[in-house]
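Below you'll find the structure, written out as structure tokens, and then a few comments.
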Amino acid sequence: MRNPTMPGFRELVTLSGLDAVTKHLDEALVLAALRDVYGLSGRLERVASEKDETFVLHAVDTRHLVKVSGEGEAREDLILQTQVLRHLARTAPDLPVPVVRSGVDGADMHEIAAPAPKRLLRVLSYLPGEPPSGNASFGGVHAQLTHALAGFRGEHQDRTLIWDLRHVGALFPLLDTVKGADFVLAHDVLQEFALRVRPDDLDT
């Protein structure tokens, strides 16, 4: 059962910035910003993303991951993401996670000169390859990541997000959209979670 004090599914979608429609920026604006604030140039390749605009910048000798905030993304969320990556770079430099690249002014995030709402630009290192394969490999990386973040405390880390396990109960109303064996599996997982896990005690 869902805790009545917790947000419902639609509210979670909104708070997580997933119901905003992000219009594609002119790539010329992105390239101009990369040149002016990062000193970078090259060819942009757009890649699929959940709620922002993401590109691979193919420079002469390397590649960079370029992210432009979606229209529903809060600046505070992007600051928190950057704080996490900076923390991991210090505490677990061997972990395969992107590295934040600062602009020529030393800042990690920059506004793009574009029509409202404001769009924020970030540049990260590009990680080639595939995700870890197999449970053991994935579990090992996850364990290292969890250990490296054990002491992390950042601004705005208590914000509400749909991926937070404390809000799993909000998925119960969606069971009506699932059929057959998938319904049985989803129902059993949610029911087991509700019976055996105390979401309010999770440190997420």
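General remarks:
- For the stretch 40-66, filtering for residues that are within 13 Å of the chain's Cα centre (by Cα), closer than 13 Å to Val123 by Cα and open to solvent by 40 Å² or more (accessible area, probe 1.4 Å) leaves 0.
- Number of positions in the stretch 91-126 that are in a loop (DSSP other than H, G, I, E, B) and open to solvent by less than 80 Å² (accessible area, probe 1.4 Å): 14
Results for (1) among the aliphatic types (A, V, I, L, M); (2) touching a residue at least 12 places away in the same chain (Cβ under 8 Å); (3) not in a loop (DSSP other than H, G, I, E, B), shown as yes or no for each residue.
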{"residue": "Gly17", "(1), (2), (3)": "no, yes, no"}
{"residue": "Ala28", "(1), (2), (3)": "yes, no, yes"}
{"residue": "Glu50", "(1), (2), (3)": "no, yes, no"}
{"residue": "His64", "(1), (2), (3)": "no, yes, yes"}
{"residue": "Leu80", "(1), (2), (3)": "yes, yes, yes"}
{"residue": "Arg86", "(1), (2), (3)": "no, yes, yes"}
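- Within the stretch 88-114, tally of residues that are within 17 Å of Gly154 (Cα to Cα) and free of Cβ contacts under 8 Å to residues at least 24 places away in the same chain: 2
- Just so you know, in the stretch 11-51 the residues that are of a type in the set (D, E, K, R), within 17 Å of Gly72 (Cα to Cα) and touching a helix residue (DSSP H, G or I) at 6+ places or on another chain (Cβ under 9 Å) include one that is modelled with the lowest pLDDT, and it is Asp19.
- Residue among Val168, Val141 that alone is crowded, with 17+ Cβ neighbours inside 10 Å, β-branched (Val, Ile, Thr) and part of a helix (DSSP H, G or I): Val168
- From Leu12, Leu78, Leu29, residue being surrounded by 14 or more Cβ atoms within 10 Å (Cβ to Cβ) and over 29 Å from Ala148 (Cα atoms): Leu29
The values are calculated or read from the model by the stated rules, or taken from the named source; none is laboratory data. Treat the numbers as computed from the prediction; the structure is a model and nothing was measured. FYI the Cβ positions are ideal-geometry reconstructions off the backbone, even for glycines, and counts take in every protein chain you see. All accessible areas refer to the heavy atoms of the entire protein, side chains included, with ligands and DNA or RNA removed. Shrake-Rupley method; radii C 1.70, N 1.55, O 1.52, S 1.80 Å.
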